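Data first, discussion second: the structure below is written as structure tokens.
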Amino acid sequence: MEKSFRFSNSHADYQARDAKSVFGWRYSPRIVFKAGKGTKLIDLDGNEYFDLTSGMMCMVLGHSHPELAEVIREMAGTMVHESSWYSNPWAIEFAERLGEVTPGDLKVVNFAVTGSEANEIAMRMALAATGKYDIVSMIRGLHGGSLAVEALTSVGGNRRKSLGPLMFPAKANALLPPYCYRCPINRTYPECDIACLKSSEEMLEFVTSQNIAAIMVETIPVPGGMIVPPKEWLPRLADLAKRWGALLILDECQLAPARTGKMWAMEHYGVTPDIVTFGKGLSAGLAICGTITTPEIAERTRGNAGLPWAGTYSSDPMPAAVALKQLDIVLRDKLDERAERLGQFAEARLKKLADKYECIGEVRGKGLYRMLDVVKDRTSKVPDPVMAERIRYNAALEGIVAIAVKHYFRFAPPLIITEAEIEDVVGRLDAAIQRAVDGFPRDVDVRESSSLSIGDRPIAAE
Ligand SMILES: Cc1ncc(COP(=O)(O)O)c(C=O)c1O
């Protein structure tokens, strides 16, 4: 018999109320969760699901981690919030610890609440430090949804539709992505000698005002397709930034801490930028993000471009205490090494799925952040977002909560996942992909799941 979702009356009632009262993106069906424990989420009917995206890639230690729960309880009775024009020991220690684990002279933290805000602080820093205006980003990069960083984001869907002149004007999505699986200039690595970067340099001259304050990229662009750059790409990009007198800003919101097998993904490439931004994973899910730069840049920009930036919740004590504790646990338990080891374990198993199913074009990623590129067939590599959504839907039926955006299916479990759990998850994915390949569910609408999805085009089931 065909598997299907069955929700209790009270669960169905919440689903209907959610649809009516909350204006948000939702996957179908609207599963409503009441708890999270370790690597799992529990829905209103008590069904358990593996959380394959660690919330929004934030829950590095999984849900309801006992040591973090203890800090939250303690801080709830000590101090939750204070004026951001005063300080507290937890924010100071979190900043110091970040300075200790970040390469080079990146030692000073300007706290923010979201990754978007952190990236906008980085932009302010670049303008203030250089006196220039252009911020150059990469096609397929994503840096957030507030309007200035939306202008640096180019991942398609309806994100920028109708925003018109609200887009920050002095910018250029001028860099071609080092997307070897679908090379933007139809070359092959390594014979290409990173030709995409050479073409990009010409673009910098042609499409900017040549007043480049900064080049901003994700170290490994994730939402745009888990584009793991060849090893030469980032060092050469850093040289290029230097030649143009521009700062290099790396956005590691998706990547730090430890997810890729190193504390920071930049460590895979031996590049230290002028500014790095963090969010998600380093926040421990409590919305403490930020921008790390050198003492020299911080001092050079002080009092200019609204810097240092402080919003209502910047450096609040409770999130700082929790994020600090989480970072200490990541270091104590060497979760970078664990992500590297288990990432290889997961990759080997996911690649077996790719061997078995023609619709998995490639498995890309590093450490415990992998992505299945879902295609019509391996030869044409034509993206198949309908199949990706079918897989996601069937994964939920198999007890896995996952994100599929466009034709990219993400594998980003909490870093505490075990080998046995990975085996279990991959077995369930196997069943989910098989049912998707068999054409179930027939009707799929990918438009409601995310602003990154397909845009206005209705996707018909074949
Ligand atoms: C690479 C990257 N940078 C920045 C952001 C924005 O973070 P936030 O949603 O916290 O503003 C995101 C969000 O997905 C992201 O993926």
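Starting with the highest mean, order 15-21, 91-97, 135-141 by the number of other Cβ atoms within 10 Å, averaged over the residues of each peptide.
Result, highest mean first: 135-141, 91-97, 15-21.
Looking at the P(r) of the chain, how many percent of alpha-carbon pairs lie beyond 39 Å?
Every Cα pair in the chain considered, those over 39 Å come to 19 percent.
For region 86-240, give the magnitude of the charge dipole about the Cα centre (Cβ charges: +1 Lys/Arg, -1 Asp/Glu; no others), in debye to the nearest 20.
500
May I ask you to sort Phe111, Phe50 by Cβ crowding, counting other Cβ atoms within 10 Å and putting the fewest first?
With the fewest neighbours first, Phe111, Phe50 line up as Phe50, Phe111.
Quick one: Tyr14, Tyr49, Tyr369, fewest Cβ neighbours within 10 Å first, how do they rank?
Fewest-to-most Cβ neighbours within 10 Å comes out as Tyr14, Tyr49, Tyr369.
Normalised by the residues of the chain, what does the relative contact order come to in percent, with Cα pairs under 8 Å and at least six apart?
About 21 percent, as a whole number.
Just want to confirm a number: the relative contact order over region 58-202, from Cα pairs under 8 angstrom separated by 6+ residues, in percent.
Relative contact order for region 58-202 comes out at 14 percent.
Determine the dipole magnitude for the chain: charges of +1 sit on the beta-carbon of Lys and Arg, -1 on that of Asp and Glu, nothing else is charged, the reference point is the Cα centre, and the result goes in debye to the nearest 20.
Magnitude of the dipole: close to 800 debye.
Towards the positive end of the charge dipole of the chain, with charges on Cβ (+1 Lys, Arg; -1 Asp, Glu), say which of Leu397, Ala69, Leu52 has the farthest Cα.
Towards the positive end, the residue furthest out is Leu397.
Report, for the chain, the % of DSSP beta bridges that are antiparallel, rounded to 5.
Around 65 percent antiparallel, to the nearest 5.
What is the Cα centroid distance between region 118-150 and region 229-251, reported in whole angstrom?
Spelled out, the Cα-based centre of one part sits 15 Å from the other.
What's the ranking of 316-329, 152-165 by average number of surrounding C-beta atoms within 10 Å, highest first?
Descending packing order for the listed peptides: 316-329, 152-165.
Every number here is computed from the coordinates shown, using simple stated rules; none is lab data. What you are looking at is a predicted structure, and each value in this text was computed from that prediction instead of being measured. No Cβ is skipped: glycine too gets one built from the backbone with ideal geometry, and neighbour counts run over all protein chains shown.
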